[in-house]
Each structure stands twice: as structure tokens, then as C-alpha cells.
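Asker: Just passing along the structure, written as C-alpha cells.
The values are calculated or read from the model by the stated rules, or taken from the named source; none is laboratory data. Because the structure is a prediction, the values reported are computed rather than measured. We place every Cβ from the backbone using ideal geometry, glycine too, and count neighbours over all the protein chains shown. Accessible surface is based on the protein model in full, side chains and every heavy atom, while ligands, DNA and RNA are left aside. Shrake-Rupley method; radii C 1.70, N 1.55, O 1.52, S 1.80 Å.
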Amino acid sequence: MTTPYIGRFAPSPTGPLHAGSLVAALASWLDARTHAGRWLVRIEDVDTPRCVPGADRVILTQLVACGLCPDEPPLYQSTRAALYQRALADLLAAGRAYPCACSRRDIEHALAAAGIERPRHAELVYPGTCRNGLKGRRPRAWRFLTENFEEKIPVAHTGSSLSAMPLIVDPRVTWCDRRLGAQQQDVTREVGDFVLKRADGLWAYQLAVVVDDAAQSITHVVRGADLADNTARQILLQRALQLPTPAYLHTPLVRGADGDKLSKQNGAQALDTARAADAFRALAAAAAVLGLPPHPGPVADALAAWVPAWRHLYNPDSS
Ligand code: GLU
């Protein structure tokens, strides 16, 4: 028996939907419908300083105006701290997480001392300073230990003659995106031991998303390509927590006038979906980004036409 399909759209309530987030919403909805599956909405409101009060309601209203109705009441991450805490405790107990006392300045100094230059604006790769203990310093954040030392030594315990052979451990996480194809990332080298709980006490996106995707039995993640880079970290966390890995599909992005991913900084407009004609126009623009054929509307008819078109484009084997 195949696992029933459960998909999700997981907006951060930092403002109303914009053209980019509607693409992810439409794509995840179409993929769920194509698979006769369920489509859930999860409000990712853990980064409270970035959340805008009331934006969750606005987003849900906009989704309904676009014909995208969740199959269950939305889940709010702000209500789920106990689950995240338990996951962190499990990782600590398994030796896969550790407290970190480093400020951003400390990390910059450690990288400079090691002669590691970093391009302006690039993320800091954590050099692992606190892996071997805090040395009397106060813990600020909790980090995931990206290298699994256990995995490196199993043959040594077996007494098998294999133990004499050098153990080759490939540090790269490889995975297959349904649109982008084969992907790989060496998380230790390219990202470093990443944060699970932040110095301000807030849960990090990576931990919350992995815990909730598993708790909601999500089988398929469909989201914007700007998030593809997080997938390897999420797969490492799933493995460490012994959780299943969903299938991933990262959609094309809407580009701003500067060619970058559309964001509030480069002109993403909040979508106006108050009138049916505006909602349809927004939805049709999102469909065009996904390569779906034009449709005269209205919303319900267009969605019905785009389900088989989506299947043809993104699930050619199943049609
Ligand atoms: N909350 C994230 C965002 O709005 C999306 C998370 C996800 O789909 O995994 O960018």
C-alpha cells in the first residue's frame, strides 16, 4: 500500500501573500490535488520579531480567495515549543547537538584567525569552536553537530577484517529534487554546525520545519527554489532524529526587477485579492511562472484545468 500523500504550504506571517509566495501555494496545492492527497497550511510564526500581527488571517483569506482551501485548520508553530524542546533534548542526548557560547563577533574572529575570508554578505560557516565544550563560557545558542562521528567508526567495533581498511566517509548529503534533479551539499564545509535554538531563545526554522513536517506526516514538500539550499540541513536533522525524508520539489522563483528573487526589498507587492478578478489575475500570474497554460478563468475552472497540466509537467510518469 502506498503512503497517502500529504502536502503543505508553510508561509511565515511576515505580511500578506506576494507573487512569490502565491507560486509556492499554488504549486503545493496542485501537487496535492494531482496525487489525490491532502493539502495543509502551516503558519511558521516562530521568528516572532519578523511576524506581523494579523498577517496569518490575511494570508488565509487570500488563499481562499484564490480557491486554495486547506483540508484542515492551519497549524501554528508558535504553539509547538514543547515538541521542538523534546527534539533538541533527543539530539543532545544522542550527542548530535551542543550548546554554543559564540557571538557573531566571536565567529568572525575565529574565522579571521584561521585565515578564512568570507565574501561580503555571505553567511558565516561556523568553525566548530564550541564542539569540544564551552570552556567556562555561558551557553547562548544550541547547534547541530553536522558530522556524525558514530557513522565513521562502526566497522571498528565489529572485529571484522574490514576495520583495518580506511573508512571513507562522504560528507556530502545527496538528494534528488523532482524538478532540479540531483543535488548535493557538504553541510559541514558549506554551512557548518547550524543553529537549532537561537541566542534570543527562538527556535530556528530548520528544527521547527523538520519536527513539524514529520509530526504532520508530510510526504511531499513543494516550495520555492530559494529554500532548496536548506534541504540538506533538513535531511541531516531527519536522519539524526530518525524521521522520514519527504520528497522535495522546488518551484521556479518570481524575479524582481533586479533579477533577484522577488522579496519585499526589491519590490514584492502585497497581492490584492479582495475582488475576484484581482485574485484570478494573481493566480494566473503564479500559474504562468510554473509554466502552466493560460486560462480565461474563473478561479475554480482554471484550477480544474491546471491539475492535469501540472501532472503532465511535474509528474510525467503518473499520467
Ligand atoms: N516559512 C518558510 C517561508 O515562508 C517556508 C518554509 C518551507 O516551506 O519549508 O519562507
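Asker: Does anyone have the angle between helix 299-314 and the longest principal axis of the chain? Alpha-carbon axes, 0 to 90°, nearest 10?
Answerer: 50 degrees
Asker: Which residue fluctuates most in the GNM of the chain (Cα springs below 10 Å): Gly136, Gly67, Gly95?
Answerer: Highest fluctuation of the listed residues: Gly136.
Asker: Follow-up question, since we're still on this one. Once the principal axes of the Cα atoms of segment 267-319 are found, what is the range along each, listed largest first in whole angstroms?
Answerer: 37, 26, 13
Asker: A further question follows. Determine one quarter of the surface area of the Cα convex hull of the chain, which equals its mean projected area, and express it in nm² to one decimal. Spell out each step's value before the answer.
Answerer: On the way: hull surface 79.9 nm².
Projected area, direction-averaged: 20.0 nm².
Asker: Going by Cα centres, segment 7-62 and segment 220-294 are how many Å apart?
Answerer: For segment 7-62 versus segment 220-294, the Cα centre distance is 10 Å.
Asker: Can I ask one more? Any idea of the accessible area per residue across segment 216-298, 1.4 Å probe, to the nearest Å²?
Answerer: About 47 Å² of surface per residue is accessible.
Asker: Out of all DSSP beta bridges with both ends in the chain, state the antiparallel percent to the nearest 5.
Answerer: Numbers: 15 of 30 bridges.
Close to 50 percent.
Asker: Hey, any idea what % of segment 50-89's accessible area is carbon plus sulfur with a 1.4 Å probe?
Answerer: Values: 1300 of 2080 Å².
Answer for segment 50-89 is 62 percent, counting heavy atoms of protein chains only.
Asker: Now a separate question. Give me the percent relative contact order of the chain, please, defined on Cα pairs under 8 angstrom at least 6 residues apart. Please list the in-between numbers first.
Answerer: Working: 498 pairs, mean separation 77.7, N = 319.
Taking the mean separation of contacting Cα pairs over the length of the chain, I get 24 percent.
Asker: Which angle from 0 to 90°, rounded to the nearest 10, does the C-alpha axis of helix 276-289 make with the longest principal axis of the chain?
Answerer: In the chain, helix 276-289 runs at an angle near 50 degrees to the longest axis.
Asker: Principal axis lengths of segment 1-122 from Cα atoms, whole Å, largest first?
Answerer: Cα extents, longest axis first: 55, 37, 27 Å.
Asker: Mean separation of Cα pairs under 8 Å and 6+ residues apart, divided by the residue count of segment 214-319: what relative contact order is that in percent? Don't jump to the answer; show the numbers that get you there.
Answerer: Values: 84 pairs, mean separation 18.3, N = 106.
Taking the mean separation of contacting Cα pairs over the length of segment 214-319, I get 17 percent.
Asker: Further question: Over segment 6-138, with the other protein chains present, what is the accessible area per residue in square angstrom, probe 1.4 angstrom?
Answerer: 49 Å²
Asker: What dipole magnitude, in Debye to the nearest 20, does segment 1-122 give about its Cα centre under +1 on Lys/Arg Cβ and -1 on Asp/Glu Cβ? Please report the intermediate quantities before stating the final value.
Answerer: Values: 13 positive and 11 negative charges, 14 e Å.
About 60 debye.
Asker: Rounded to the nearest 10 degrees, what's the angle between the helix 205-215 long axis and the longest principal axis of the chain, both from Cα atoms, 0 to 90?
Answerer: The angle comes out at about 70 degrees.
Asker: At a Förster radius of 51 Å, what calculated FRET efficiency corresponds to the Cβ-Cβ distance of Leu124 and Asp301, to the nearest 0.05?
Answerer: Numbers: r = 50 Å, r/R0 = 0.97.
That gives a FRET efficiency of 0.55.
Asker: Can you show me the helix-derived [θ] at 222 nm for the chain, built from DSSP H runs with n ≥ 4 at -39,500 (n - 2.57) apiece and divided by the number of residues, rounded to the nearest 500.
Answerer: Details: 11 runs with 114 residues, N = 319.
Here the helix-only value at 222 nm equals -10500 deg cm²/dmol.
Asker: Using a 1.4 Å probe over the heavy atoms of the protein chains, calculate the carbon and sulfur portion of the accessible area of segment 189-274 as a whole percent.
Answerer: Working: 1740 of 3600 Å².
That share works out to 48 percent.
Asker: Here is a further query. Could you tell me which residue out of Ala282, Leu227, Leu91 lies farthest along the dipole of the chain toward its positive end? Charges go on the beta carbon: Lys and Arg +1, Asp and Glu -1, centred on the Cα centre.
Answerer: After comparing all options, I get Leu91.
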